[in-house]
Structures are given as structure tokens and as C-alpha cells.
Amino acid sequence: MSGINGKIRLAVFKLTSCSGCQQQIIDLGELLLALLDRVEIAYFLEASSDAKPGPYDVALIEGSVSTPHEEKLVKNIRENSKIVVSVGSCATYGGIQALRNWMEFEEVKKTVYEKPEWVEALEKSRPISDFIKVDYAISGCPANKLQLLSTLKQILIGRRAYHREESLCQECKRKGNVCVVVAKGEPCLGPIIKEGCGALCPSYGRGCYGCFGPTIDPKPDALAKRFEDLGLSREEVASRIRNVTSWSEPIRRFLESYER
Amino acid sequence: MFSGPLYSGGFSELKRLFQEIRDRNYRIVGPRLEDGVVRLGELQSFEEIPYGVSDVQRPGYYRIRVDGGRFRTPLDSPKQLLYPPELTIFRVTKDWKIEYPSYRFEKTALFGIKPCDLAAIKIMDRVQGELGDEYFLKMRENLLLVVENCVEPGENCFCATMGTGPAASTGFDIAYTRLDNSIILFQPGSDLGADILGELSLEPATPDQVGAFRRAILKAAERAKAGFRLENLPDILELNLESKVYREIAERCLGCANCNMVCPTCFCFDIIDEPELDGSSRRIRIWDGCHSYSYAQVAGGHFRKDLWARYRHSILHKFVYWLRQFGSFGCVGCGRCITWCPAGIDLREVISKIVEEVEERCRK
């Protein structure tokens, strides 16, 4: 590897996002310190102003692409990095800010900013994979720090990083949780959302709100039907399913037909 | 179903049974109330068993009621213990040595499990047992089985159809039946069971009590029936592989594999290799299921890309292939896949519809 003492040179970038995923990296705490034996953090502005130029072995990118500047930046990162990982649901799907993708762009600008003409933004908030080749995608709002660490550990030993992308229900059941849909009649997105968060919300007795994004073969139509049976209006159903990963392909397709 | 001697005693003797097993240094695992659901868990005292609490189990629906009634199958099956959801199989050290974890296998009594779950353990004996799953075998060796026969099956129960209940016939150490709260009938199923029961103050059951027991079980059996029969079922299912029912169900099915997880016999697993920073790595076995998309995905393709095909496979495995593989059906009729399906899909209804299609075709 190209870093000092054969370490991996890691860079962490941020696009349009809340920095929550970067905080997850910092929140690794002692595990992050242990990682430093094998990794040189060359660029991570959230943690250090000592920013070193590329090339990098691994680039972690948080945030969606929503400005022309970010489009250039992300392409530049790709050119300077061997492995690119999109971290979190903004980078992977477009994030909560992709809710504006469903609205009239000029209207949104006018509503939010006093001088909309000063705002230089792309019409849609999009995942980085729309612009560059992404090697690994980690989702979540925020990303799960252990899944992130696991990805880095897999990269470190030189193997293809792998995570299951089956339903959250499986992780939830393995964890020994009680199903909130069945036992409480609470709408939960678990059946169509991928595992990886440790079934966080259902572990506290509330339904999954879907921040990890859709499974490989999700069935949002069937889940929507179930939510309606539980007493939710179509509007409520759409709003629950839309949330942070509305711009992911399966959810987008679902919403387009459901809200027609 | 009715073989073996029956002894009767009061509710206090049931408590004494619990105590006697404790005194023999068993860890006791049985039904207990947790977050409004009857679960299988470690019991510190007899009073933790929620006698007097009943459950309402319908497709995709579970609630409890404190009404003096009876609870049915807990959310967890014995699989939770015998075949844990996540198990480290071994560790590979930095210098490539394989280290096996040392698990403690305590003497464990499963207290008050239902006949369907006993049947599931017997199926596991053939699957995990005969195939040499070490963890299973060690757990199993240390297991004392105390079964509670069902006199009030729930709405999702169909053990009578599957031939696994409502009363257990063999394979237990002790079976008991709560005719009511004052008369409990006990039945030894092994030498150890007889020895333990010998410590209790029991009388041979009177002919009246035996009669009441038979009537209660027969009545329960009437309730715990599905709309289909097992006779020729494998052939019928194989005759109707292209049934439109599978496609209809796939419209409602979420493909979430909750049914796989809660099934007491589903044994499919995934292997995860988790590297550590010190250069070692852990190999972990986790529950997986045939409803998972990636389950039938292989290098270069996919056996069952569509959900209807995955749903069909789960039914065919339980009701057709299992017979060829292991000599019995893979379903014990516990109803967990019905209760805990977040979409409320009723397996009994699905099979009945497929059978009806064939019957209709035959009539034409």
C-alpha cells in the first residue's frame, strides 16, 4: 500500500450531508485508534485540518452530489483513489435532501433561500454512483460504524468487502426482537429494508423507518398494502416509505406508481 | 397418542416438578412473559410461567390477554437454543491456526414446551443430529424434555393435521396435561422422567380422569386442523408446480424470511467470515432462509430469482423434499410462520388452495 510504513492511505470526504456518518468514524473511538496501526488517515477534515493530497488507497465519501462543484469533486476523488466507498444513505441513495427531487426545483430554491439566484445547485440530489464507479456502498442514516469498520477490515486483508443485504427482519429475529408489526400493529419498514444497523429501532420497540434503504429484491407494494390494512392513509404510507432513500431505484419506482 | 400410564396430581405437584428438576441442577428454560409476548427463556422460578395468560394468534397478529386462559407456542422455538441464530464456528489465528470456541453445555430442561416443538426437536435429531452438528448434539445430550399437552390449541395451530399433537406420544421425558388448574395429569416418557415423577405425590389417574383426558385431546385435535390432509399431499403439490396460487401469494409476500426465522425446523444458514484487525478472523454461522434473495444466488446465476419461486420452494421443501431427505414432513403445524408473518399470509390457506386447484382439474 502507498501510505507510510505500508499503511493504507485513507481519505474521508464530505459532500451534501450532515456529517453524521463522519461522526460515526470518529465514534469508533478505540477501534479507530487500533485501525491506525494499519491505516494512515491522509485526508479527513472533520477530524484533522492536516489534509494531505492524493492519491489515496481508499476514499470514503459521505453525502450526495447536489452541486456542480461536488460533481467535479467526486470525479476528482475517483481519479485519485483506488477504492471508493459511498458511506451512508446520502452518498448511496441521495439522502433526505433528495426529497426535493420530487418537487419543482426553482420553487424549492425560492422557498428556502432569500436570493435563489445566488444558489448554484444541481436540479436533483443524487447518489455518487450516478457520477462515478463506486466499489462499495454502505448505507444508513447514519451509517453503522461497525459495518463501516468491517468494510475497512475486509479491504485491509485484500478481499472483496461483503455485507448481507437481506431484510432487516432477519437481523431483527436473530437478535431476538419481538416483531412490532405483529405484536403491536405498528408499521415497520423492516421487511423491505436491508440489515446492517443491528435492528436498532425495533430493538427499542418502534418500527424501522428505513434509513438503510431497500433490500436486493424489495416488495414495497406488498408492504404498502399491509400498512393500509393497519390503518394508514395512502399519503402516510408514501411518506413513510419515501423518507431518506426515496431516490433509490426500487423506492422511486414504487412511489411513482403509488402516488400516481 | 394415549399410550403409557397417567398419574394425577394437583397444580402444586406441577410446581414441585419444577423444583425437583431444579434440585437436580438443571437450568430451566420455558415460557415466560416478556414485552407482552410469551417467549422461551431461562426461568428462575415456577411463578414466571404465565399460567393464566392466553394469547390470540391470528395470521400476522399476536396479542396476549390476562384472562385465565392458556397460551400456545411461544415466539421462540427450541431452535433458538439448539441451533442458535448466530454461532461462531471457529477462529483462524494470525498464523493460520484454527481455534474452536469452547461452549458450555449445561444440563438444561425445556419445561412446558408444546408437542409441536417436541416434534420439531425430533426432526432436528434427524437433520442436525444425524448430520453431526456438534453444537446441536452437545446441547441435545444435556436436554430434559418436559412437554405440556395442548387442550386449547390456538387459531393458527394445525398440529393435528401434521400428526405432531395436540398430545405428545413419545420422545419426551415427562408430559403433563392441565385438564384444569386443579387436575394435572403426568406421564413419564423415559426412565429419568419416571424417576423424577417418583419424587412427586401422584396417584394413578382414575378412569374418569383418563376419559376426560382423552375427550380433551380429541376435542383439541378437532380444533388444531388445517383445511388440507396429508394424504397424497406431496404428489398433489408436485402435480401443480405451476399453480397460480404461488404467483398470487408472491403479490402479498414481502420476501422478508420471517417465516424461515421463526420456523422450528428451518435450518438454512449463511457463513460470514469476519476479519479482525489483529490478523485473525472469525467464521460465524447465521440463520438464513430460502425466502432471501441471495440464498439461491450462485456464481453466474440464480436458481430462484422471482419471489414466487422462492415461496414455492419453501412449501415444496417442507411438504415434498423433506420426506425424501429426512423421512418426515418438515412442518410440525406450530403456526409460527402464520402468526409472525408481517403480511399475515396463512400457509394452510395456500396449501388448501393448491390442493383445490388439482381437485378441480381432476373433476374436469
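The values are calculated or read from the model by the stated rules, or taken from the named source; none is laboratory data. What you see is a predicted model, and the numbers here were worked out from it, not measured in a lab. A quick note on method: Cβ atoms are made from the backbone with ideal geometry, for glycine too, and the neighbour counts reach across all protein chains shown.
Structure notes:
- Members of region A:231-260 found to be of a type in the set (A, V, I, L, M) and surrounded by 17 or more Cβ atoms within 10 Å (Cβ to Cβ), listed by number: A:237, A:238, A:241, A:244, A:251, A:255
- Region B:288-307 - residue that is of a type outside the set (S, T, N, Q) and not in a loop (DSSP other than H, G, I, E, B) and, of those, farthest from residue B:265 (Cα to Cα): B:301
- So residue A:166, is it within 30 Å of residue B:81 (Cβ to Cβ) and more than 8 Å from chain B (Cβ to nearest Cβ): no
- Picking from residues in region B:14-46 that are within 14 Å of chain A (Cβ to nearest Cβ) and of a type in the set (Asp, Glu), the one that is nearest to the chain's Cα centre (by Cα) is B:42.
- Of the set (1) surrounded by 19 or more Cβ atoms within 10 Å (Cβ to Cβ); (2) in contact with an Asp or Glu (Cβ under 8 Å, 6 or more places away or on another chain); (3) touching a residue at least 40 places away in the same chain (Cβ under 8 Å); (4) facing another protein chain (nearest Cβ under 10 Å), all apply to residue A:216 but (1).
- Extreme residue, farthest from the chain's Cα centre (by Cα), among residues of region B:226-245 that are surrounded by fewer than 17 Cβ atoms within 10 Å (Cβ to Cβ) and closer than 24 Å to residue B:154 by Cα: B:231
- If you go through region A:226-251 and keep only what is part of a loop (DSSP other than H, G, I, E, B) and either at the interface with chain B (Cβ under 10 Å from one of its Cβ atoms) or polar (S, T, N, Q) (or both), you end up with A:230, A:233, A:246, A:248.
- Taking (1) more than 8 Å from chain B (Cβ to nearest Cβ); (2) crowded, with 24+ Cβ neighbours inside 10 Å; (3) free of Cβ contacts under 8 Å to residues at least 60 places away in the same chain in turn, residue A:223 satisfies each apart from (1).
- Among the residues making up region B:275-287, those that are assigned to a strand (DSSP E or B) and within 7 Å of chain A (Cβ to nearest Cβ) are B:275, B:286, B:287.
- Index of the failed condition, residue A:198 passing every other in (1) under 16 Å from the mean Cα position of the chain (by Cα); (2) surrounded by 19 or more Cβ atoms within 10 Å (Cβ to Cβ): (2)
- Within region B:308-352, tally of residues that are in a helix (DSSP H, G or I), of a type outside the set (Phe, Trp, Tyr), closer than 19 Å to residue B:159 by Cα and more than 14 Å from chain A (Cβ to nearest Cβ): 13
- From the list B:212, B:296, the lone residue that is under 28 Å from the mean Cα position of the chain (by Cα), of a type in the set (A, V, I, L, M) and assigned by TED's automatic domain parsing to the domain that holds residue B:180 is B:212.
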